[in-house]
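Have a look at the structure below, then the notes.
Computed from the coordinates by the stated procedures, all read-outs in this text should not be read as laboratory data. Computed from a predicted model, the values in this text were never measured in an experiment. Note: ideal-geometry Cβ built from the backbone for every residue, glycine included; neighbour counts use all protein chains shown.
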Amino acid sequence: MKKSWAIRFWLILRSICNIWRGQVMVVVGAYWGDEGKGKVVDGIGRLYDIIVRFGGGANAGHTVFTPDGRKVVCHLIPCGVAWGKTCVIGRGVLFSLSSFLKEYLDIAMVLGGVMPVIYIDTGCTLFTPYHRLFEFWGETLRNGKIGTTGRAIGALAAFDKLRYGPKVGDLFSPLRLEERVTELYCLLLPIFEEMLERKEKGDEDFKDVVIPTPQEVVAQLLLEAQNLPKDCVIDTRSFLLKQIALGKKILLEGAQAAGLDSKWGTWPFVSAGDSVAVGASLGTGLPMYLITRIMMVGKALPSRVGSGPFPSEMWDRDLMIAFGEEHMHLFSPGRRRDGFLAGLREQINMGGNNEVHAKYFGVLGLELGASTSRVRSLGFSDLPWLRYSAEVNGATEMALTRLDMLSGIGSIKVAVSYKYNGEIFPPGQMPVSAFDLDKVEAVYEDWPCWEEDISGISKWRDLPREARAFIKRIEAAVGVPITVIGTGPGREALIRR
Ligand code: GDP
Ligand code: IMO
Ligand code: MG
């Protein structure tokens, strides 16, 4: 009897210690995606045993580099894969089997034939071509396009809520799979018929539409399922709870960001998942009290792809896209960009306008989306948005990536507040509607930057004084300590404070 009390006491004490030491941590995006979440997860991933994706789908593109400089872009698989860690795809992920299999093989090739250890939750919503057709229908019909990634994320989330469509676990019950695929097909049949009618009438938008039968969809899914790693589909919630009880450290990797969260982002110009920190609990089934460290990732210059408001945007989005498409050769690494960048940097230091800033930083940062290769529109640092993001995420700390982008610049504009209808918004407050946020005017201050190239610096004390002051001013405005700073795309280009 005494012994069992001692064991219980020991278990409780150990749980408290584990929670206190941040046994489970979540990393989420602060702006509108592409902040460098993958790089941060990779940078701190060595300290964790298991890395878990809890939301989003193949719309995400998280870039990491292996120590020998090979690039890995993860869409569904967590970035811990580059460390050879156990990876988990939680129930909150909208799962495309064909994208996963392609990514799994691509990554194994980059890792020199080593197959990653990976578990997928049996309850993940499963993609079918019907989801993609429905998304295409919705985007074609609407006036103000969302500019989705085309991965059917909205359709997957919507039909899941309507309780239509298959789950990953159905791949092992062919009859149930067929039933669920057929139900979805029947639900969408009137729309499919309309699409085919438009195709027949010669409507250009619909010329490529092909509607597979439910039997074809099921056959394809079952064929692909044979290539899944053995025994990889499990109940990941109980797996994770067991690992936590064994004292393993878990890192939960978010996709998208606060600005793209379906509730707290700039609706309707959002993705369809729960990308704020609470989504980590929903998407893994882990109780909220276990997730004691919440790191939000912001970048020195935020970006946006697709449509939607962007209060501190540098330049006109369509012009930026047109510039990028015309000068695509400048958006890949190489020396041919050097002259172009030097010229623009000089213009910036002589007081160049926003257009010059957008072109310079876009080319310098090779700002192309990791999933769709679309040109990203850039903005100035946006403190009101970061403050709001810290609040909706409950951030306990922050990572600031791409600080190296500001080297060699005399000073940079930073949005310090929002003005709406002539009045300054109180810190942390945001207009509920994206259309109102679009009317907000950002109020800027000029903050000094630094001459020295800080690329690759990994120690706080090696940063120039102005860079340290820059960080401290952001911390003060956002109210969250910046504990990780990115100084380049590589794994080692990271300062941990
Ligand atoms: P994610 O979706 O949030 O993981 O971000 P992406 O991978 O889509 O985009 C971030 C881009 O910034 C990638 O190309 C990264 O290699 C790059 N990156 C991340 N951190 C840094 C940094 O500190 N400095 C620089 N120069 N690039 C970075
Ligand atoms: P990561 O995880 C940047 C954007 C799309 C579009 C909107 C809706 O790499 O940061 P969707 O296909 O999700 O229905 O598109 O959301 N979007 C992202 N933008 N980074 C992402 O992910 C994104 N995921 C979705 O561009 O505007
Ligand atoms: Mg990305």
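Membrane-span-like helices in the chain, defined purely by DSSP H runs whose alpha carbon atoms cover 30 Å or more axially and whose average Kyte-Doolittle hydropathy reaches -1.0, are 174-200.
The alpha-carbon atoms of segment 437-497, seen along their principal axes, cover 40, 22, 21 angstrom, with the largest extent given first. Computed from the Cα positions only, the extents of segment 230-276 along the three principal axes stand at 41, 25, 13 Å, in decreasing order. Considering only C-alpha atoms, what is the centroid distance from segment 444-488 to segment 28-58, in Å? About 21 Å separates the Cα centre of segment 444-488 from the one of segment 28-58. When its C-alpha radius of gyration is set against 2.2 N^0.38 Å (N residues), segment 133-226 gives a value of 1.16.
Computed over all pairs of different Cα atoms, the Kirkwood value for the hydrodynamic radius of segment 251-290 is 10.3 Å. Estimated translational diffusion coefficient (Stokes-Einstein, Kirkwood radius over Cα pairs, 25 °C, 0.890 mPa s) of segment 285-334: 167 µm² per second. Among the listed pairs K419/K439; K85/K459; K39/K85; K102/K230; K37/K71; K37/K230, which are separated by more than 19 Å between their Cα atoms? Distance filter (> 19 Å) returns K85/K459; K37/K230. Taken as Cα centroids, segment 203-278 and segment 369-425 sit 27 Å apart, rounded to the nearest whole angstrom.
Seen from all directions on average, segment 1-144 presents a Cα convex hull projection of 12.6 nm².
Run the numbers on the chain and let me know its relative contact order in percent, using alpha-carbon pairs under 8 Å that are six or more apart.
Details: 1017 pairs, mean separation 96.1, N = 497.
RCO, the chain: 19 percent.
Subtracting the Cα-Cα distance of L13 and R497 from their residue separation scaled by 0.36 nm leaves 171.4 nm.
Full extension of the chain between L141 and E224 gives 26.7 nm of extra length, using 0.36 nm per residue less the Cα-Cα distance. Taking 7 Å along the Cα-to-C-beta vector as the label spot, tell me the L189-S4 distance in nanometres, rounded to one decimal. In this crude spin-label approximation the distance works out to 5.9 nm. Summing Lys and Arg as +1 and Asp and Glu as -1 over all other residues whose Cβ lies under 15 Å from the Cβ of G61 gives a net charge of +3. Given R0 = 30 Å, the distance between the Cβ atoms of L282 and R163 translates into a calculated FRET efficiency of 0.95. Counting only DSSP H runs of at least 4 residues, each contributing -39500 (n - 2.57), and dividing by the residue count of the chain, the helix-based mean residue ellipticity at 222 nm comes to -11500 deg cm²/dmol. Counted over all Cα-Cα pairs of segment 288-413, pairs farther apart than 17 Å make up 61 percent.
The label point for L246 and the one for N353, both projected 7 Å from the Cα toward the Cβ, are 6.1 nm apart. Mean silhouette area of the chain, derived from the convex hull of its C-alpha atoms and averaged over all directions, reads 26.4 nm².
Protection proxy ranking, highest mean first, for peptides 484-491, 171-178, 140-147: 484-491, 171-178, 140-147, where packing is the per-residue count of other beta-carbon atoms within 10 Å, averaged. Stokes-Einstein diffusion for segment 183-313, with the hydrodynamic radius set to the Kirkwood value over Cα pairs and evaluated at 4 °C in a medium of 1.567 mPa s, equals 67 µm²/s. Rounded to the nearest 5, the antiparallel percentage of DSSP beta bridges internal to the chain is 40%. Across segment 329-371, counting alpha-carbon atoms alone, Rg and Dmax equal 10.7, 36 Å.
Label E179 and M328 with points 7 Å out from Cα along Cα→Cβ: what is the distance between them in nm? If labels sit at E179 and M328, their model points lie 4.8 nm apart.
Just need the Rg to Rh number for segment 293-362, please, alpha carbons only, Kirkwood Rh. Taking Rg over the Kirkwood Rh, I get 1.01. Shape class for segment 62-182: oblate, because the ratio a/c of the largest to smallest gyration tensor axis (alpha-carbon atoms, square roots of eigenvalues) is 1.5 or more and b/c is at least a/b.
One chain, two ends: E204 and E452. Fully extended at 0.36 nm per residue, the span grows by 84.0 nm beyond their Cα-Cα distance.
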